[in-house]
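Just below is one structure, and these are the notes that go with it.
Where a number appears in this text, it was derived from the coordinates with a stated rule and is not lab data. Nothing here was measured: the structure is a model prediction, and the numbers come from that model. When we count neighbours, we look across all protein chains shown, and the Cβ atoms used for this are built from the backbone with ideal geometry, even at glycine.
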Amino acid sequence: MDIILKQDVDNLGYADEVVKVRPGYGRNYLIPRGLAIMASVENRKILAETMKQRAHKAQKIRGDAEAVAKQLEAMTLKIGAKVGESGKIYGSVNALQLADVLAKHGVNVDRKKIHLDSEHIKALGTYTAMVNLHKDVKVKVTFEVIAE
């Protein structure tokens with residue numbers, strides 16, 4: 001029996017995949033729980049159309065991410081930090097501050113997708129970070145920690 005998975009199922013397959021299962025497993029477990037639908041001719045046509053539309057949307061999202069990546073490569077961001085008399089930063093600069101500065105420049109990035117080259121930045125200077133904009137688009141961002 002062929003079915004189309006609506007969700008990822010462990011040890012079976014991923015969403016929108018056509019898989020072959022035993023009839024009892026499909027009829028009594030997967031379909032009633034909403035994990036799959038029958039792979040009829042109509043459902044296969046619907047799946048093909050949705051996959052085509054998703055591919056088009058994914059290509060557009062990737063193109064937007066690449067445009068933002070080119071924009072970020074060209075700029076050097078400045079992050080202000082409070083500095084003591086000895087020139088040491090109070091606390092440290094982390095991905096959250098970098099995400100805030102990126103948001104001010106119109107680029108909303110989740111802080112979890114920003115990976116700093118060094119764990120804790122505790123001194124003034126110029127640093128780089130890797131920003132993951134899309135699963136295929138990563139960009140190195142240069143930023144400078146300055147005294148406020």
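Summary of values
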{"read-out": "Mean ellipticity per residue at 222 nm, deg cm²/dmol - from DSSP H runs of n ≥ 4 across the chain, formula -39500 (n - 2.57)", "value": "-10500 deg cm²/dmol"}
{"read-out": "0 to 90° range, to nearest 10: angle between helix 41-74 axis and the chain longest Cα axis", "value": "10"}
{"read-out": "Residue-wise HN-Hα coupling along region 15-32, computed from phi with Karplus coefficients 6.51, -1.76, 1.60 (Hz; x: Gly, Pro)", "value": "4, 6, 10, 8, 10, 9, 10, 6, x, x, 5, x, 6, 9, 10, 5, 5, x"}
{"read-out": "Of the trypsin sites (Lys or Arg not before Pro) in region 98-142, those whose Cβ has at most 14 other Cβ within 10 Å and which sit in DSSP loop", "value": "Lys122, Lys135"}
{"read-out": "Sparse-neighbour loop sites [trypsin sites (Lys or Arg not before Pro); region 1-63; at most 12 other C-beta within 10 Å; DSSP]", "value": "Arg33"}
{"read-out": "DSSP-assigned coil residues among GluC sites (Glu not before Pro) in region 26-113, each with at most 15 further Cβ atoms within 10 Å", "value": "Glu85"}
{"read-out": "Karplus 3J(HN,Hα) series, Hz, for region 81-94 with 6.51 cos²θ - 1.76 cosθ + 1.60 (x for Gly, Pro)", "value": "9, 6, 10, x, 5, 7, x, 8, 7, 6, x, 8, 8, 10"}
{"read-out": "Highest-MSF residue in the chain out of Ala129, Ala36, Ala58 [GNM, Cα springs under 10 Å]", "value": "Ala36"}
{"read-out": "Within region 34-55: backbone nitrogen closer than 16 Å to the Asp16 label point (7 Å, Cα to C-beta)", "value": "36-37, 43-55"}
{"read-out": "Lys, Arg +1 and Asp, Glu -1 on Cβ, resulting dipole of the chain about Cα centre, debye, nearest 20", "value": "420"}
{"read-out": "The chain, relative contact order [Cα under 8 Å, separation at least 6], %", "value": "20"}
{"read-out": "DSSP loop chymotrypsin sites (Phe, Trp or Tyr not before Pro) with at most 15 other Cβ within 10 Å: longest gap in the chain", "value": "15-89"}
